[in-house]
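The numbers here are math on the coordinates, done by the rules we state, and not lab data. What you see is a predicted model; the values in this text were computed from it and never measured. Methodologically, a virtual Cβ is constructed for each residue, glycine included, from the backbone with ideal geometry; neighbour enumeration extends over all protein chains shown.
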Amino acid sequence: MKPHAAAVVAVVCGCTAAGAPPSRPAPHRDARFEPVVSYLESQVDSAFPGAVLAVGHRGDIVLIAAVGRYGQDDRRPVTPETIYDLASLTKVIGLTTASLLLAEAGRLDLDAPVQRYVPAFAGAGKERVTVRHLLTHSSGLPAWRPLYTETTTRAGAFALADSTPLLTPPGDTMVYSDLGAIVLTQVVEGITGERLDAFLDRRLFAPLQMTSTRYLPPSSWQPRIAPTERSQDGTIIRGTVHDENAWRLGGVSGHAGLFSSAPDLARFATWLLARWRADSGRSITRAFTRRQGLPPGSSRALGWDTPSGVSSGGTRLGPNAFGHTGFTGTSIWIDPDRDLFIILLSNRVHPTRENARILRVRPRVADLVVEALAREAP
């Protein structure tokens, strides 16, 4: 191993009733995971400046590994506590979970027209778009538009997203759409009467003690935040959301904007796995992680994706696995059949988004983790 590149922590823990592991576990090495960590180290300065990997299995956090550095402008080694811009992991950690909690409480009807919650969502065919369409990226909305150049306020960006015409009839085509997530943000905020960050802080992050997870990180967090891209004026983005449309939305949106650390996301994944295992009665966790068939053949669950073909989750996850990726170089995969989660956080967009090597790293890491767990524990 490169001496500067990795700090490895393997954890055996007794989880709390909330499904959250201890925040500062005692470290020890597990030889089964050496191939995983060695591979991650080999990708430093190629696929990313640095990365943190967290693996949970059967209720224990069995690996937290940090490799590489913060960035070109910051040669400090990253640690398990390094905070990353999650990019589109925001869609599942934040927006999808908010939708799940509201649906479970009977406050959100997944098959209701979006116009029930957002009357401004108007235009030809939009009366047929449901919340389920938004969650499965089958609403007919386009993938994206530059709201950050077309508008000057959060309200203006929402209004332009609401008035964007459909490209296809609802349910006909799967188009991964940030615009759909921006519309769903308004659904959640309309139901709760709170901005999305306030609702998530109160209902999710605080109860799970996810103290390193939030939108709009304060200046005191700056030393722990990995930088993202070099902007056109030459400055490095650090602690400000990388996604331009999320920036126009004041840094708070359902499609991007969350910052978090691997230990915090391990708490979230442990909680979600516990809900999946105990799913009964009012809980609808399994329904949210199951393929919806909108349109037929789509791999999309509600908010989440599932493995299909060439998947960022590799080739060895079970049939009930679900996950998501983020543009900045982040990913989470959860396999309830194995009681397993794999969280990989990196800043692959530093110093430029043109580096796409993370696409080969994610599936390889997932496969190596599953192979490691198949070996007998020492």
Ranking Trp304, Trp276 by Cβ neighbours within 10 Å, fewest first, what do you get?
Trp276, Trp304
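For the range 318-378, which GluC sites (Glu not before Pro) are both in a DSSP coil and crowded by at most 15 other Cβ atoms within 10 Å?
Details: sites: Glu354, Glu371, Glu376; in loops: Glu354, Glu376.
Those satisfying the criteria are Glu354, Glu376.
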For q = 0.08, 0.10, 0.15 Å⁻¹, Debye-computed log10 I/I(0) when each Cα of the chain counts as one equal scatterer:
-0.37, -0.59, -1.38
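Excluding Ser253 itself, calculate the net charge of residues whose Cβ lies under 12 Å from the Cβ of Ser253, where each Lys or Arg counts +1 and each Asp or Glu counts -1.
Values: positive: Lys91, Arg154, Arg195, Arg248; negative: Asp178, Glu189, Asp197, Asp243, Glu244.
Spelling it out: positives minus negatives among the neighbours equals -1.
Would you mind giving the three semi-axes, in whole Å and largest first, of the ellipsoid equivalent to the range 27-97 according to its Cα gyration tensor?
Numbers: eigenvalues 88, 81, 23 Å².
Square roots of five times the eigenvalues give 21, 20, 11 Å.
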Give the separation of the Cα centroids, the range 113-190 to the range 224-281, in Å.
21
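Mean separation of Cα pairs under 8 Å and 6+ residues apart, divided by the residue count of the range 158-243: what relative contact order is that in percent?
Numbers: 45 pairs, mean separation 14.2, N = 86.
Here the relative contact order equals 17 percent.
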Spelling out what I want: for every residue of the range 326-343, take phi, set θ = phi - 60°, compute 6.51 cos²θ - 1.76 cosθ + 1.60 (Karplus), and round to whole Hz; glycine and proline get x.
x, 4, 6, x, 10, 7, 9, 10, 10, 10, x, 5, 9, 6, 9, 9, 10, 10
Which percent of Cα-Cα pairs in the range 103-150 sits in each 5 Å bin, short to long?
5, 19, 25, 24, 16, 8, 3, 1
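With a ≥ b ≥ c the root eigenvalues of the C-alpha gyration tensor of the range 184-250, is it rounded (a/c under 1.5), prolate (a/b larger than b/c) or oblate? Write down the numbers at each step before the final one.
Details: a/c = 3.56, a/b = 1.49, b/c = 2.39.
It comes out oblate by the Cα gyration axes.
Which value, in debye to the nearest 20, describes the size of the charge dipole of the chain about its Cα centre when Lys and Arg Cβ atoms bear +1, Asp and Glu Cβ atoms bear -1, and nothing else is charged? List each step's numbers first, then the result.
Working: 41 positive and 35 negative charges, 71 e Å.
Using only the charged Cβ atoms, the result is roughly 340 debye.
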Using alpha-carbon coordinates, inclination of helix 178-192 to the longest axis of the chain, degrees:
80
If you take every residue apart from Ala356 with its C-beta less than 15 Å away from the C-beta of Ala356, what net charge results, scoring Lys and Arg +1 and Asp and Glu -1?
+4
Quick one: which residues, 5 or more positions from Thr330 or on another chain, have an amide H under 5 Å from its amide H? H modelled 1.01 Å from N in the peptide plane, none for Pro or chain starts.
Ser346
Of Gly251, Pro227, Gly323, which is farthest on the positive side of the dipole of the range 206-343, counting Cα position, with +1 on Lys and Arg Cβ, -1 on Asp and Glu Cβ, and the Cα centre as origin?
Gly323
Under the rule of -39500 (n - 2.57) per DSSP H run of 4 or more residues, summed and divided by the residues of the chain, what mean residue ellipticity at 222 nm is obtained, to the nearest 500 deg cm²/dmol?
-7500 deg cm²/dmol
Over the Cα atoms, compute the radius of gyration (one decimal) and Dmax (the largest Cα-Cα distance, rounded to a whole number) for the range 92-211, in Å.
14.2, 44
Could you work out the relative contact order of the chain, using alpha carbon pairs under 8 angstrom and six or more residues apart, expressed as a whole percent?
23
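Assuming R0 = 45 Å, what is the FRET efficiency of Arg360 and Glu127, from their Cβ-Cβ distance, to the nearest 0.05?
Working: r = 43 Å, r/R0 = 0.96.
About 0.55, to the nearest 0.05.
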Roughly how many debye, to the nearest 20, is the charge dipole of the range 222-378 about its Cα centre, given +1 on each Lys and Arg Cβ, -1 on each Asp and Glu Cβ, and no other charges?
140
What's the exposure ranking of Asp243, Asp233, going from fewest to most Cβ atoms within 10 Å?
Asp233, Asp243
Using the Karplus curve 6.51 cos²θ - 1.76 cosθ + 1.60 with θ = phi - 60°, work out ³J(HN,Hα) for each residue of the range 76-81 in order, rounded to whole Hz, and write x for Gly and Pro.
4, x, 6, 10, x, 8
